[in-house]
Each structure stands twice: as structure tokens, then as C-alpha cells.
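The values are calculated or read from the model by the stated rules, or taken from the named source; none is laboratory data. Note that the structure is predicted; figures quoted are calculated from it, not measured. FYI the Cβ positions are ideal-geometry reconstructions off the backbone, even for glycines, and counts take in every protein chain you see.
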Amino acid sequence: MHLNHRQFAIIKESGATVWQTKDSAAATQTDSLAIDFDLLKTSSLFQDILTALNLSIGEVTLADNTLHCGMFNWQFTPSEAVSFDQSTLITPPLEQLSQQAQLKRSLWQIITKHQLIQTQ
């Protein structure tokens, strides 16, 4: 079972020992693109996605080219596909998403299929 950043922090706070293979984490980050978080914050598409997910910009953190969004992580890759694997949403960069309706459609389908919308 793969834990996201938030789940790992909660378990660690409780004092439990967590063992996680490094292979899966390394495989997820191999193709991820660098993220300019300041630039990303100004994107209207990014703001719209966060609003749809019931997230504020303050709830999103960046580490190792991965956005930590509470119960899931988000990475951008050069791939033309949208996927969700091991608690990680994997998409093309927002510039690419914003220009291709099919990619946006795929993103919303993944979000609803995996119930990524946070409840307040």
C-alpha cells in the first residue's frame, strides 16, 4: 500500500513505524517535470481545479516536483495521458491540459472516478 505525504505524516505522528519500498516512490518521480509553484498559483485553470477539489492554495505544498494535495499527490509528466496510480494524479503540464479538451475531460473523469474531491 502506498501512502501519500499526509497519510505518512499522520501515521508518523501516532508513533507507528511505517515501512515503504523506495522502488515505487522512485518509479513515480522518474519522469516528473519540474514545477514552478509561483507560476502555477497564477494559473486560472489551476485555481479552477483546486476549487473543484475543495482545496485552497494553502492546503497544497510542493516537494520533489510533486504537489501534495491532502489525500493525494499530483505530478506533471511529458506524457499525453492522465492517470491515477498509488495515490498520485499524473497529468501533462497545465499549459497542455488547457489547450486540449480531451485531456481536461480525462482529468475530470479521473477526479470523479477516484473520488479526489475533498470533503469539508
Is it true that some residue in segment 93-100 is within 10 Å of the chain's Cα centre (by Cα), under 15 Å from Ser32 (Cβ atoms) and at pLDDT 95 or above?
-> no
Members of segment 52-72 that are under 16 Å from Leu116 (Cβ atoms), touching a residue at least 12 places away in the same chain (Cβ under 8 Å) and assigned to a loop (DSSP other than H, G, I, E, B) = Leu53, Asn54, Leu55, Cys69, Gly70, Met71, Phe72
Do we find that Ala81 is hydrophobic (A, V, I, L, M, F, W, C), surrounded by fewer than 16 Cβ atoms within 10 Å (Cβ to Cβ) and within 15 Å of Leu45 (Cα to Cα) in this structure?
-> no
Does any residue of segment 95-114 turn out to be free of Cβ contacts under 8 Å to residues at least 40 places away in the same chain, touching a strand residue (DSSP E or B) at 6+ places or on another chain (Cβ under 7 Å) and among the polar types (S, T, N, Q)?
-> no
Scanning segment 101-120 for residues that are of a type in the set (A, V, I, L, M) and part of a loop (DSSP other than H, G, I, E, B), which turns out farthest from the chain's Cα centre (by Cα)?
-> Ile117
Among the listed residues Ile111, Ile90, which satisfies the condition of being at pLDDT 95 or above and surrounded by 14 or more Cβ atoms within 10 Å (Cβ to Cβ)?
-> Ile90
